[in-house]
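Student: Before I ask anything, here is the structure I am working with.
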Amino acid sequence: MKQVFKRPECLIDVPFHFCPGCHHGLVHRLVAEAIDEYKLREETIIAASVGCSVFMYDYFDVDVVESPHGRASAVATGVKRARPDAFVFTYQGDGDLAAIGTAEILHTANRGEKVTVFFVNNTIYGMTGGQMAPTTMIDQISTTTPYGRDPEEAGYPLHMAELLAALPGTAYSARVAVDSIKNLTQARKVTKRAVQTQIDRAGFSFVEYLSACPTNWKMNAEAANRRVTEELIPCFPLGVFKDYQAAQAVKE
Amino acid sequence: MSEKKRKALVKGNDAVAMGAIEAGCKFYFGYPITPQNEIPEYMAAHLSDGRGTFIQAESEIASINMLLGAGATGARAMTSSSSPGISLKQEGLSYMAGSEIPGVVVNMSRSGPGLGGISPSQGDYFQATRGGGHGDYRVFVLAPDSVQECYDLTMLAFDMAEKYRNPVLVLGDAMLGQMKESLDPTPYKPTGTFDKSWILTGAKDRPPRLLKSLYLDDGELTEHNWKLYRKYQKMREDVRFEAIGLEDAELVVVAFGSMARVLKSSVDMAQGKGLKVGLIRPITLYPYPEAIIRETSQRIRHFQVMELNTGQMVEDVRLSVDPGTKVDFFGLPPGMLPSPDVLLAEIEKVYHPAAQEVRS
């Protein structure tokens with residue numbers, strides 16, 4: 001009988017620690033599938049981040065260096081420059097990447113570092129217990145916006161995929177979701193394109209994943225998934241905002 | 001590694017950079033700050049054009065984390081800065097120490113606190129020798145007092161970083177960085193071979209490797225800290241100092257870096273006047289040369305510490321001496337550089353009463 005579904009080879013056979021309904025597990029799997037597809041396991045070096053994603057090294061069967069909070073893309077820069085043939089990626093949450101690590105991510109992209117960044121946007125700080133993130137939506141309740149995010153006081157949600165797409169060093173930038181089979185299929189395609197970008201040494205590559213955080217959204221798994229569909233996607237539109245291959249095709 | 005180079009008149013900052021290149025440093029990450037800008041400029045000239053990697057980072061924070069990343073792969077890498085920038089690097093230094101990632105960091109220190117000024121200072125002694133960032137860790141610290149040592153000790157710093165899998169700090173200051181002296185650019189000779197079985201290269205034909213400082217399981221972090229502690233103790237085998245005239249001294253002066261440099265002239269002058277003055281100059285500030293200070297103080301009961309601050313290293317001298325040893329202190333707050341005459345006067349102030357005590 002033909003096997004149509006299996007655990008990606010670069011994932012270790014242990015259960016994820018993530019909460020039920022959290023999308024991290026799905027995104028981990030997409031990244032792992034792409035590494036398998038391009039047979040990159042033996043040349044991958046991850047710059048791990050701080051947040052719920054910190055335990056990546058418990059799941060990925062590859063070399064990992066831990067980074068201080070927000071600094072993963074700077075660490076990845078050092079790794080990639082020293083090992084240009086390695087496949088180097090970071091996997092960061094929204095607090096890590098879009099708040100404390102804003103300077104690092106912006107300049108890593110702007111230098112066109114040949115690294116790939118997988119960015120999980122669940123509009124909240126997960127690990128620390130549900131505080132406002134830079135991506136928290138207007139009127140969204142968090143433990144530090146107990147009356148909802150008021151832009152007069154707390155500003156507006158950051159749209160990282162669009163922001164980074166505007167930089168010349170960025171070769172590929174996209175936003176995807178994993179809330180439905182259709183979106184998951186697109187996310188799988190985009191993840192591979194981001195990996196391909198690094199293989200092609202075309203520049204910086206970035207994928208933003210809209211993700212559910214049922215625990216800190218105080219929702220059950222189904223309602224949290226529905227919130228991605230009904231609230232997050234209208235605020236953070238899905239799409240490919242920069243694609244060096246498409247740009248080349250137009251030129252040719 | 002390289003052909004015999006001729007002696008030249010060189011700035012301390014350039015000597016640091018030359019030492020780094022000679023020791024095989026291929027990766028430099030930095031951010032501009034006075035008075036150390038010759039270092040990144042030299043590294044840019046020598047590591048661009050495919051000869052290595054030079055990145056002018058967006059911040060000191062990014063620089064130290066690029067160093068962390070390059071160090072994780074086993075590459076010889078360096079960053080440099082001056083005091084306010086070194087403060088920004090402390091988070092990264094703590095992570096490097098915790099994850100046991102080597103790297104060389106140069107602090108051509110200036111005056112603080114805050115923006116302070118660009119004049120020489122030894123105000124960063126505590127920050128350098130007490131870890132500097134969060135957690136119970138230490139950084140190996142080398143303190144040159146000449147342009148030649150800026151070169152020699154930077155080469156040694158790369159060896160010590162790899163030997164101990166730990167960040168190494170070269171602590172100079174504005175005076176050392178900016179002054180020009182004759183430099184003999186001797187070829188780099190490794191002081192040992194260093195274990196590279198931990199470096200990240202991709203998990204090909206071996207189990208994955210992990211460099212981290214997060215330990216959450218019961219007892220795990222305690223054991224990790226004990227392991228680091230044992231390593232810091234082992235560093236004592238690489239302690240370095242310079243001792244002058246200790247045989248028949250009645251007063252021992254202790255100073256490091258630029259202050260020691262000025263003080264050497266004062267000690268010469270004092271000896272010329274018949275004063276029996278010896279000098280101990282710590283070259284490693286961590287590990288601290290406590291043994292030579294303890295042993296000397298069992299014999300010579302009067303010490304005088306001089307620093308370009310209001311009293312930092314003097315604490316280490318007081319911790320090192322035999323109980324009952326008199327330890328005087330003369331400090332100048334950052335912002336001023338004393339002449340040898342000024343320090344000679346300070347020696348004479350404390351010398352005569354002490355000499356009488358020893359004789360009686």
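Student: Could we say that B:Asp238 is out of contact with any strand residue (DSSP E or B) (no Cβ under 8 Å at 6 or more places or on another chain), more than 30 Å from A:Tyr57 (Cβ to Cβ) and more than 14 Å from chain A (Cβ to nearest Cβ) here?
Tutor: So B:Asp238 does not fit the description; no.
Student: Return the total of residues in the stretch B:81-112 being closer than 17 Å to B:Asp159 by Cα and not acidic (Asp, Glu).
Tutor: Residues meeting the conditions: 8.
Student: Also: Going by the structure shown, is A:Thr185 over 24 Å from A:Ala98 (Cα atoms), hydroxyl-bearing (Ser, Thr, Tyr) and outside any loop (DSSP other than H, G, I, E, B)?
Tutor: Yes: the conditions hold for A:Thr185.
Student: Looking at A:Ala194, A:Ala212, which one is modelled with pLDDT of 95 or more, touching a His at 6+ places or on another chain (Cβ under 7 Å) and among the small types (Gly, Ala, Ser)?
Tutor: Going through A:Ala194, A:Ala212 in turn, the sole match is A:Ala212.
Student: Another question, if that's okay. Output yes when any residue across the stretch A:197-205 is touching a helix residue (DSSP H, G or I) at 6+ places or on another chain (Cβ under 7 Å), modelled with pLDDT of 95 or more, on the phi > 0 side of the Ramachandran plot and not charged (D, E, K, R), and no when none is.
Tutor: Yes, there is a match, as at least one residue in the stretch A:197-205 is touching a helix residue (DSSP H, G or I) at 6+ places or on another chain (Cβ under 7 Å), modelled with pLDDT of 95 or more, on the phi > 0 side of the Ramachandran plot and not charged (D, E, K, R).
Student: Across the stretch B:188-201, which residue is nearest to the other protein chains (Cβ to nearest Cβ) among those that are within 24 Å of A:Glu9 (Cα to Cα) and not aromatic (Phe, Trp, Tyr)?
Tutor: By that ranking, first place goes to B:Leu200.
Student: Here's another thing I want to ask about it. Looking at (1) surrounded by fewer than 24 Cβ atoms within 10 Å (Cβ to Cβ); (2) touching a residue at least 60 places away in the same chain (Cβ under 8 Å); (3) part of a loop (DSSP other than H, G, I, E, B); (4) in contact with a Phe, Trp or Tyr (Cβ under 9 Å, 6 or more places away or on another chain), which one does A:Glu162 not meet, given that it meets all the others?
Tutor: Failing condition for A:Glu162: (3).
Student: Quick one: which residue in A:Arg188, A:Arg175, A:Arg201 is of a type in the set (Lys, Arg) and in contact with a Gly (Cβ under 9 Å, 6 or more places away or on another chain)?
Tutor: Selected residue: A:Arg175, the only one of A:Arg188, A:Arg175, A:Arg201 that is of a type in the set (Lys, Arg) and in contact with a Gly (Cβ under 9 Å, 6 or more places away or on another chain).
Student: Determine which member of the set A:Thr108, A:Thr123 is within 16 Å of B:Ala62 (Cα to Cα), surrounded by 24 or more Cβ atoms within 10 Å (Cβ to Cβ) and in contact (Cβ under 8 Å) with a residue 60 or more places away in the chain.
Tutor: Within the list A:Thr108, A:Thr123, the selection yields A:Thr108.
Student: Going by what's in this entry, would A:Val14 be described as in contact with a Pro (Cβ under 9 Å, 6 or more places away or on another chain), outside any strand (DSSP E or B) and within 14 Å of chain B (Cβ to nearest Cβ)?
Tutor: no
Student: Does B:Asp152 fit the bill of being of a type in the set (Asp, Glu), crowded, with 24+ Cβ neighbours inside 10 Å and either more than 9 Å from chain A (Cβ to nearest Cβ) or touching a residue at least 12 places away in the same chain (Cβ under 8 Å) (or both)?
Tutor: Considered against the rule, which asks whether it is of a type in the set (Asp, Glu), crowded, with 24+ Cβ neighbours inside 10 Å and either more than 9 Å from chain A (Cβ to nearest Cβ) or touching a residue at least 12 places away in the same chain (Cβ under 8 Å) (or both), B:Asp152 comes out as no.
Student: Before we move on, is B:Ser99 more than 12 Å from every other protein chain (Cβ to nearest Cβ) and among the polar types (S, T, N, Q)?
Tutor: So B:Ser99 fails the test.
Student: Turning to a different aspect of this structure: I need the full set of residues from the stretch B:202-220 which are facing chain A (nearest Cβ under 7 Å) and over 30 Å from the mean Cα position of the chain (by Cα), in order please.
Tutor: B:Gly202, B:Ala203, B:Lys204, B:Pro208, B:Arg209 - these are the residues of the stretch B:202-220 that are facing chain A (nearest Cβ under 7 Å) and over 30 Å from the mean Cα position of the chain (by Cα).
Student: Take the stretch A:31-48 and flag every residue that is in a strand (DSSP E or B) and either away from every other protein chain (no Cβ under 11 Å) or among the aliphatic types (A, V, I, L, M) (or both).
Tutor: A:Ile45, A:Ile46, A:Ala47, A:Ala48
Student: Only one of B:Gly172, B:Gly123, B:Gly114, B:Gly103 is touching a residue at least 60 places away in the same chain (Cβ under 8 Å) and over 20 Å from B:Met313 (Cα atoms); which?
Tutor: On inspection, the qualifying residue turns out to be B:Gly103.
Student: Also: Filter the stretch A:49-95 down to the residues that are among the hydroxyl-bearing types (Ser, Thr, Tyr) and outside any helix (DSSP H, G or I), then identify the one that is surrounded by the most Cβ atoms within 10 Å (Cβ to Cβ).
Tutor: Here the residue is A:Ser67.
Student: Need pairs with beta-carbon distance below 9 Å; first residue more than 8 Å from chain A (Cβ to nearest Cβ) and closer than 13 Å to B:Gln90 by Cα and within the stretch B:52-69, second surrounded by fewer than 24 Cβ atoms within 10 Å (Cβ to Cβ) and among the β-branched types (Val, Ile, Thr); sequence gap 6+ or separate chains.
Tutor: B:Glu60/B:Ile33
Student: What number of residues within the stretch A:98-113 satisfy the criterion of being more than 9 Å from chain B (Cβ to nearest Cβ), over 16 Å from the mean Cα position of the chain (by Cα) and not small (Gly, Ala, Ser)?
Tutor: So the count comes out to 1.
Student: Take the stretch B:17-50 and flag every residue that is in a loop (DSSP other than H, G, I, E, B) and not aliphatic (A, V, I, L, M).
Tutor: Residues satisfying the conditions are B:Gly24, B:Cys25, B:Lys26, B:Tyr31, B:Pro32, B:Thr34, B:Pro35, B:Gln36, B:Asn37, B:Ser48, B:Asp49, B:Gly50.
Student: Out of all the residues in the stretch B:77-93, which are out of contact with any helix residue (DSSP H, G or I) (no Cβ under 6 Å at 6 or more places or on another chain) and at the interface with chain A (Cβ under 8 Å from one of its Cβ atoms)?
Tutor: Of everything in the stretch B:77-93, just one residue is out of contact with any helix residue (DSSP H, G or I) (no Cβ under 6 Å at 6 or more places or on another chain) and at the interface with chain A (Cβ under 8 Å from one of its Cβ atoms), namely B:Glu91.
Student: Still on this structure: Go through (1) assigned to a helix (DSSP H, G or I); (2) touching a helix residue (DSSP H, G or I) at 6+ places or on another chain (Cβ under 9 Å) one by one and return the number of the condition B:Gly74 breaks.
Tutor: (1)
Student: Given the condition farther than 18 Å from B:Leu200 by Cβ and more than 9 Å from every other protein chain (Cβ to nearest Cβ), answer yes or no: does some residue in the stretch A:84-91 qualify?
Tutor: no
Student: Helices (runs of 4 or more DSSP H) wholly in the stretch B:174-293 with at least 1 residues that are in the same structural domain as B:Ala20 (by TED's automatic domain parsing) - which ones?
Tutor: Here the list reads B:174-178, B:220-234.
Student: While we're here: Just checking, which of B:Lys89, B:Lys5, B:Lys26, B:Lys11 is of a type outside the set (Gly, Ala, Ser) and at pLDDT below 95?
Tutor: Answer to the check: B:Lys5.
The values are calculated or read from the model by the stated rules, or taken from the named source; none is laboratory data. Keep in mind the model is a prediction, meaning the values are calculated, not measured. Positions of Cβ are generated from backbone atoms using ideal geometry, with glycine treated the same way; all protein chains shown enter the neighbour counts.
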